[in-house]
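Novice: Encoded as structure tokens, here's the structure I'll be asking about.
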Amino acid sequence: MSGATDAVQPRNQWLTLAAWQRLFRDRPIVPLLGLLAILLIARELARPGVFSADFLGVTLRAAVPLAILAACQTLTMLTGGIDLSVGAVASMSGFLVATLVNSQGLPVAIVIALIAAALVGLTSGIGVGVFRVHPLIMTLGISLVVLGLANVWQLQMVQTGAGVPPAMRSLGSDRLFDILPYNLAVFIPLALVILLALRRTGYGRMLYAIGDNPVAARLAGARSWQVIVVLYVISALLAAVAGLLQSGLSNTASVTLVVPYLLPSVAAAVIGGTSIIGGRGGYGGTIVGALILTVLAGFLSIVLPEPWRQIVFGSIVVLVAAAYTRVTAEG
């Protein structure tokens, strides 16, 4: 009888582990929401009274640009790629608008910034999709080119900085009733389009197919290079939008403004359950991942000085990403 009990207990433990593995693999948003709740509770315990409607508004406002940048990484990572140019493209877009708004007007300045971003994305897409350059190398090289061109433009304009248009400041930093940030008016439609496109369109399914098995996708008739080219154009346009919002949020326009958000954007996608080798993931988890990183950064700013904050922040990101990768791999 004792032997039977001993045999059942390991089996129950295995079933529990298997259930957790399936949860992390198929529904990563559930444990992520639990982690987000733990972080919010920890922040309230560290500084009682901080959890309020104002805190939620500020957190959402700060998380929106990161969530949009993380969308770039989610989409490209689904195909087994990555986009390391998003920080440079986002910074360039905000800076272009700020330097052109006085001479061209805000609508024209925004259109020019979006066209410039699309051209950068087209270049990356052709390099990755047509010439088969590794996405990491291609987008890293393009980011350096963009930063160099932005600096040339800055010198041409004889400016070390530029003023952010009032409309962009309002969109990026103001809140409705001091709670709902205006930038949600941009983010919510974008997020819905991405979520629906990944689940309901042939293009979205093609991204998963290319990341899961590019050879099979090609044999099935998919023109992978066309999908990749369009993908990197979309990624660059999303980065441009994030740059405009971040410029308005910080009331600053510079050629390196959004560059520090590059690695957090990758971390948000990975923490959100998107596999960096492709074929698995989704944008819902990425959104929660961006919220987690935003809350975590704010919490660490309360309890630790800057050097230690960077160490702990990086360590937590690595541990969470490694834990997720291990659990899903074993599943």
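Novice: Condition check: at pLDDT 95 or above and within 24 Å of residue 173 (Cα to Cα). Does residue 70 satisfy that?
Specialist: yes
Novice: Quick one: residue 276 ticks every box in (1) open to solvent by 10 Å² or more (accessible area, probe 1.4 Å); (2) assigned to a helix (DSSP H, G or I) except a single one, so which number is it?
Specialist: The one condition residue 276 does not meet is (2).
Novice: Right, here's the next one. Mind checking which residues of the range 174-188 are in a helix (DSSP H, G or I) and of a type in the set (Phe, Trp, Tyr)?
Specialist: Hit for the range 174-188 is 187, nothing else.
Novice: Of the residues that make up the range 280-292, is at least one modelled with pLDDT of 90 or more, assigned to a loop (DSSP other than H, G, I, E, B) and over 24 Å from residue 47 (Cβ atoms)?
Specialist: Yes, the conditions are met somewhere in the range 280-292.
Novice: Residues in the range 113-122: is at least one at pLDDT 95 or above and under 24 Å from residue 181 (Cα atoms)?
Specialist: Yes.
Novice: Show the residue pairs meeting these rules: Cβ distance below 6 Å; 6+ apart or different chains; first residue within the range 49-60 and open to solvent by 30 Å² or more (accessible area, probe 1.4 Å); second residue among the charged types (D, E, K, R).
Specialist: 51/44
Novice: Mind checking which pairs have a first residue in the range 116-143 that is over 20 Å from residue 276 (Cα atoms) and a second that is open to solvent by 70 Å² or more (accessible area, probe 1.4 Å), Cβ under 6 Å, 6 or more apart or different chains?
Specialist: These pairs meet every condition: 130/225.
Novice: List the residue pairs whose Cβ atoms are under 6 Å apart, where the first residue sits in the range 73-85 and is farther than 14 Å from residue 238 by Cβ and of a type in the set (Ser, Thr, Tyr), the second is open to solvent by less than 20 Å² (accessible area, probe 1.4 Å) and in a loop (DSSP other than H, G, I, E, B), and the two are 6 or more positions apart or on different chains.
Specialist: 79/278
The values are calculated or read from the model by the stated rules, or taken from the named source; none is laboratory data. From a predicted model like this one, the values you see are computed outputs, not experimental measurements. Here the Cβ is made from the backbone with ideal geometry for all residues, glycine too, and neighbour counts use every protein chain on show. The accessibility values were calculated without ligands, DNA or RNA, using every heavy atom of the protein model including side chains. Shrake-Rupley method; radii C 1.70, N 1.55, O 1.52, S 1.80 Å.
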